[in-house]
1. Taking the conditions exactly as written (touching a Phe, Trp or Tyr at 6+ places or on another chain (Cβ under 8 Å), under 30 Å from Met35 (Cα atoms) and assigned to a loop (DSSP other than H, G, I, E, B)), does Leu92 satisfy them or not?
2. So, in the stretch 67-98, of the ones that are surrounded by fewer than 17 Cβ atoms within 10 Å (Cβ to Cβ) and among the hydrophobic types (A, V, I, L, M, F, W, C), which residue ends up farthest from the chain's Cα centre (by Cα)?
3. Is there any pair linking a residue in the stretch 123-143 that is surrounded by 15 or more Cβ atoms within 10 Å (Cβ to Cβ) to one that is hydroxyl-bearing (Ser, Thr, Tyr) and assigned to a strand (DSSP E or B), with Cβ under 8 Å and at least six apart or on different chains, and which?
4. Cβ-Cβ under 6 Å, sequence separation 6+ or interchain: first residue in the stretch 31-49 and within 20 Å of Leu92 (Cα to Cα), partner in a helix (DSSP H, G or I) and of a type outside the set (Val, Ile, Thr). Which pairs?
5. If you check Lys33 against the conditions, is it of a type in the set (D, E, K, R), closer than 23 Å to Glu3 by Cβ and within 17 Å of the chain's Cα centre (by Cα)?
6. For the stretch 26-65, name all the residues that are of a type in the set (Asp, Glu) and open to solvent by 90 Å² or more (accessible area, probe 1.4 Å).
7. Within the stretch 15-29, track down each residue that is in contact (Cβ under 8 Å) with a residue 12 or more places away in the chain and part of a loop (DSSP other than H, G, I, E, B).
8. Working only within the stretch 4-25, note down all residues that are buried (at least 16 other Cβ atoms within 10 Å of the Cβ) and either among the polar types (S, T, N, Q) or modelled with pLDDT under 90 (or both).
Amino acid sequence: MMERIIVGYTLSPYGVEGYLKVKSTSGEFEHFKRMGEVLLKKNNSERIFEVEDVQCSQSFLRIKLKGIDSPEEAKKFSSSEILVPREKACPLSENEWYAYDLCQCNLVYGESAVGSVLDVVEGGGGYLLDILLPDGSKVFVPLKDEFIGDIDIPSKTIELKHRWILEK
């Protein structure tokens, strides 16, 4: 099965031709123009669509998918995840990662795994790692250099610099 990652979320219908407004997970829009098809996932339902048109403005993106030709039809696909093959996602710069990849990692302190990453969420001061601890509880760790060391995606590990941040 082809690995796909989330690149955005559909919002509300736009106009009368079946366009959907889109929120990009990266904040970038240009890579949407290179997508030939996307997979929309909502609840337990998945469907692949051919991309007919992409319109970018400074604040949001509109996408037209083949077979969705009215606002009523578009509304059925509002609040869907947009997934594409990794190579079609927004290119990464140095020290950038896909949230999907971070969620596959263990948080390590020294040589020991001290938790696993469940999610990456946006907080007031930046991104936070939602960490599941071995006792089943959860904590947030800021994704900042003061707290996080090496991120090794191939080894699926993220280095924690200070263990005290896990204390409740």
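1. Values: touching a Phe, Trp or Tyr at 6+ places or on another chain (Cβ under 8 Å): yes; under 30 Å from Met35 (Cα atoms): yes; assigned to a loop (DSSP other than H, G, I, E, B): yes.
Judged against the criteria, Leu92 is a match.
2. Leu92
3. Ile131/Ser116; Leu132/Ser116; Pro142/Tyr127; Leu143/Tyr127
4. The qualifying pairs are Met35/Lys88.
5. no
6. Applying the first criterion (of a type in the set (Asp, Glu)) to the stretch 26-65 yields 28, 30, 37, 46, 50, 52-53.
Of everything in the stretch 26-65, those that are of a type in the set (Asp, Glu) and open to solvent by 90 Å² or more (accessible area, probe 1.4 Å) turn out to be Glu28, Glu30, Glu46, Glu50, Glu52.
7. Within the stretch 15-29, Gly15, Val16, Glu17, Gly18, Thr25, Ser26, Glu28, Phe29 meet the criteria.
8. Taking the stretch 4-25 as the starting set, the residues that turn out to be buried (at least 16 other Cβ atoms within 10 Å of the Cβ) are 4-11, 13-14, 18-22, 24-25.
The answer is Arg4, Ile5, Ile6, Val7, Gly8, Thr10, Ser24, Thr25.
The values are calculated or read from the model by the stated rules, or taken from the named source; none is laboratory data. What you see is a predicted model, and the numbers here were worked out from it, not measured in a lab. Positions of Cβ are generated from backbone atoms using ideal geometry, with glycine treated the same way; all protein chains shown enter the neighbour counts. Heavy atoms of the whole protein, side chains included, go into the accessibility calculation; ligands, DNA and RNA do not. Shrake-Rupley method; radii C 1.70, N 1.55, O 1.52, S 1.80 Å.
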